[in-house]
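Written out below as structure tokens is the structure these notes cover.
A short reminder: the numbers here are calculations on the coordinates, not readings from a lab. The shown structure was predicted, so the numbers you read here are calculated from the model rather than taken from an experiment. We place every Cβ from the backbone using ideal geometry, glycine too, and count neighbours over all the protein chains shown.
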Amino acid sequence: MSSAIETVGLSKHYGSRVAVDQLSLRIEAGQVFGFLGPNGAGKSTTIRMLLALQRPTRGSATVLGLDTTARSVELHRRVGYLPGDLALYPRLTGRQHIDWFREARGLADDPLIGELIERFQVVVDRQVHKLSKGNRQKIGIVLAFMHRPELLILDEPTSGLDPLVQREFGNLLRETVGEGRTVFLSSHELDEVQRVADEIAIIKDGRLVAQDSVERLRAASPRKLEVHFRRPVDPASLRACPGVKVTTVDGAYVALDVIGDIGPALKLIADDDPVDLSARPADLDELFLSYYQPGATPHSDTLRSGSDGH
């Protein structure tokens, strides 16, 4: 399968400030790729370089096989973009925006446009400045998807949307990749990414710290165990157990994280007369936050990190 996006050592400096640092990514076509990080991590700067809206300080990027610097015009024809800071003309209606973009792209009266308007209940006959953020965002969705692009680059696309619309938007993303197209989804909404992404990358301070499938990231993350004992216990033996981190002790209640084989921890728990135990994997939200703790490192060397060139 060919790559939809590939970057090598992509960097952007603003004077002494480093916004993106040596970012190397390869994103295969036909998937939803989640690009995660908090505000200020370098996500939007990366997107602007992928779209040739900014030139990198160092490194290179190809999108749909096109060099982003040399072939930006062709690139823009084949990509749909929803910016995180969507700016529309306040005195124009949604329909006027859609008609203008349709003509600029040379589109016929494609029924897809009407389907998107109906599907997301887009308000098209009121001036944009009279619309809520969510209704403006729906117009942005139509503008990004209306020309059936090979690649969608979406920066915080569900901002302002209510949960039902967010769910419908997730359905649209799955349909899009089902047609062999690719979605690059930049977000700090971890629940959204967890539902729809096939693969994710985590960026921290402009650097890639992990890239892998959602399933592998979950598998490498700690299991969360909560144990109720018959009486208060001394957790010293659990703390000494390899791969175990005791997170809470409250009388007869103990919570712990376990990485790797849980057998040794379960044997120690059994020795202390437990009355109830629950276990679950860490969700993507917890995994993501673990990378942002001081001195954080990936939970497992099975993760593909930015340091090895992936």
Open item on the list: Loop-only trypsin sites (Lys or Arg not before Pro) in segment 173-267, please: DSSP not H, G, I, E or B, and at most 13 other Cβ atoms within 10 Å.
Closed with: 230
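Once every DSSP H run of n ≥ 4 in the chain is given -39500 (n - 2.57) and the sum is divided by its residues, what mean residue ellipticity at 222 nm do you get, rounded to the nearest 500 deg cm²/dmol?
Numbers: 11 runs with 98 residues, N = 310.
That comes out to -9000 deg cm²/dmol.
So for segment 222-281, Kirkwood radius off the Cα pairs, Stokes-Einstein at 4 °C and 1.567 mPa s: how many µm² s⁻¹?
On the way: Rh = 11.1 Å.
My calculation gives 117 µm²/s for D.
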Task: segment 1-146: Cα Rg divided by the 2.2 N^0.38 Å rule of thumb - done: 1.17
TODO: Please state, to two decimals, what the Cα-based radius of gyration of the chain comes to when divided by 2.2 N^0.38 Å (N = residues).
DONE: 1.18
Task: Test item: Cα-centred dipole of the chain, Lys/Arg +1 and Asp/Glu -1 on Cβ, debye - done: 1020 debye
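Compute and list, largest first, the equivalent-ellipsoid semi-axes of segment 151-291 from the alpha carbon gyration tensor, each √(5λ) rounded to a whole angstrom. Don't jump to the answer; show the numbers that get you there.
Working: eigenvalues 296, 50, 34 Å².
Equivalent-ellipsoid dimensions as semi-axes: 38, 16, 13 Å.
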Task: Full-stretch length increase - residue 107, residue 285 - with 0.36 nm per residue and alpha-carbon distance subtracted - done: 60.0 nm
Task: Which of 144, 60, 173, positive extreme of dipole for segment 38-196 (C-beta unit charges) - done: 60
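Under 10 Å from the Cβ of residue 123, count the other residues' Cβ atoms, weight Lys and Arg +1, Asp and Glu -1, and hand me the total. Intermediate results must be reported in sequence, preceding the final value.
Numbers: positive: 95, 126, 130, 136, 138; negative: 125.
Cβ neighbours under 10 Å give a net charge of +4.
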